[in-house]
Amino acid sequence: MKANEKAKKAIYGIAILKDMVYAVRKDCEMIEIYSLTDFKYKDFIRVNEMISPYDIISYDAKNSLFIDDTKEGNAPNEIIRVTPKEKDDQECRWSITEDVEYKTRIEIGRLSLTHDGNILIPLMNESRLWEFDCDGQLIREIKILLPDETFQHVCQAILLKADYFLLSLGDGGNREKQGIYIGKMQSQVHMKTHNPEVNAAEYSTKYKMPANTLTPEVRDIKNAIKLLSEVRVIPKVRLLENSGIRFSELEKNTPNHTITLDDLSILVADKESRSVLLFHVETTSEAEIRLKFQRELLSGENGLSSPYRLYLDKTSGCLFVADNEEIKADGKKKAIRGRILVYSVI
């Protein structure tokens, strides 16, 4: 699949919705649209005030795309929801910050979608996850309990099943500990928001709190987290060190993007190693789960240059790879000339 010839910037996200493939590029306000049937460039959506998209995910049930947009200076990242059938229609957008004065920026990792259609966002430097619904309502904050300070930078989190998360550590963290791990929920209480009055009564009874302390619409993240703390709905996920795989043991570098093929198979893009790796989820004798490396599925020999993002179309069995060229500029690596490669893997 050839990228739009006019766009020579890196591709930082790909997603599929209905019969179209959507791609976003660094420092670009447009979402590129390609046909899923013949892979040809079709059109674009211009998103007002989008500065530099860093990731994109799709949710079929809501016919929506969700984009992580990086702003300038200390301005916080913004999640933008777009409905493709209505150009320039952003149904909602919300900032990823607790600082209303924007003095500090929260570094966030890759987006993922839960089974319920909620959006998981890792706060990389703070070992926390924020889970939002499709309208930007904060559902819960999840604390990640790492074994020690040498484990850093949770750059992506995927909910595998009820109590287990797949956690990717990388992007500037301890090189020796970069890899993928399993995290297990230590405690979990769900806050339902579809009927605030019933929930208020339910939680006030359960936690012996006044019902008026629960507000039906919480838009301010800082107040929302305070509220969730008060009603004891902040769960904790403990990283199970022996359940994961350090990329240094595989003579690889860092997990840049992770997706699930199914409940038992996982694909990870390692851009520095120019490879896509296949892992298997297996159950231990203690009824826990852990990861096992299977093989290198794709490499430079398959045409990879620097794979940044992955997306699997389970209907066709095609794996879409956002692949960029990396050069050195001012002593730093820079991704340019993004393209989308398509492989048959199922």
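The values are calculated or read from the model by the stated rules, or taken from the named source; none is laboratory data. None of the values given here were measured: they were computed from a predicted structure. A quick note on method: Cβ atoms are made from the backbone with ideal geometry, for glycine too, and the neighbour counts reach across all protein chains shown. Please note that ligands, DNA and RNA were not included when accessible areas were found on the heavy atoms of the full protein model with its side chains. Shrake-Rupley method; radii C 1.70, N 1.55, O 1.52, S 1.80 Å.
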- Note on the structure: The lone condition D323 fails out of (1) open to solvent by 20 Å² or more (accessible area, probe 1.4 Å); (2) over 22 Å from E249 (Cβ atoms); (3) not aliphatic (A, V, I, L, M) is (1)
- Failed condition for R295, given (1) open to solvent by 10 Å² or more (accessible area, probe 1.4 Å); (2) of a type outside the set (G, A, S); (3) touching a residue at least 24 places away in the same chain (Cβ under 8 Å); (4) farther than 19 Å from K184 by Cα: (3)
- Note on the structure: For the stretch 153-177 the number of residues that are open to solvent by less than 60 Å² (accessible area, probe 1.4 Å), under 18 Å from F293 (Cβ atoms) and modelled with pLDDT under 90 is 2
- Out of the stretch 95-111, which residues are open to solvent by less than 30 Å² (accessible area, probe 1.4 Å) and modelled with pLDDT under 90? I96, T97, I106
- Message: Of the residues I245, I182, I259, I225, only one is modelled with pLDDT under 70 and either closer than 30 Å to I346 by Cβ or aliphatic (A, V, I, L, M) (or both); which?
- Response: I225
- Task: Answer yes or no as to whether T283 is farther than 18 Å from N324 by Cβ and free of Cβ contacts under 8 Å to residues at least 12 places away in the same chain.
- Result: yes
- Regarding A7, is this residue at pLDDT 95 or above, among the hydrophobic types (A, V, I, L, M, F, W, C) and buried (at least 17 other Cβ atoms within 10 Å of the Cβ)? no
- Task: May I ask you to list the residues in the stretch 57-75 that are in a strand (DSSP E or B) and either touching a residue at least 40 places away in the same chain (Cβ under 8 Å) or over 18 Å from the mean Cα position of the chain (by Cα) (or both)?
- Result: I57, S58, Y59, S64, L65, F66, I67, D68
- Message: Scan the stretch 333-343 and tell me whether some residue there is over 30 Å from D60 (Cα atoms), at pLDDT below 95 and open to solvent by 30 Å² or more (accessible area, probe 1.4 Å).
- Response: yes
- Residue among T254, T258 that alone is within 21 Å of G183 (Cα to Cα), open to solvent by less than 10 Å² (accessible area, probe 1.4 Å) and outside any strand (DSSP E or B): T254
- Note on the structure: With criteria (1) touching a strand residue (DSSP E or B) at 6+ places or on another chain (Cβ under 9 Å); (2) not in a strand (DSSP E or B), E301 comes up short on (1)
- Item | Scope the stretch 10-51; condition charged (D, E, K, R) and either open to solvent by 10 Å² or more (accessible area, probe 1.4 Å) or not in a strand (DSSP E or B) (or both); matching residues | K18, D19, K26, D27, E29, D38, K40, K42, D43, R46, E49
- Message: Looking at V276 and the list (1) at pLDDT 90 or above; (2) hydrophobic (A, V, I, L, M, F, W, C); (3) closer than 15 Å to Y181 by Cα, which single condition is not satisfied?
- Response: (3)
- Assess whether Y54 counts as being open to solvent by 20 Å² or more (accessible area, probe 1.4 Å), assigned to a strand (DSSP E or B) and modelled with pLDDT of 90 or more. yes
- Please indicate, with yes or no, whether at least one residue in the stretch 130-137 is under 27 Å from K333 (Cα atoms), of a type in the set (F, W, Y) and crowded, with 19+ Cβ neighbours inside 10 Å. no
- Task: Give R309, R238 a once-over and let me know the one that is surrounded by fewer than 21 Cβ atoms within 10 Å (Cβ to Cβ) and assigned to a strand (DSSP E or B).
- Result: R238
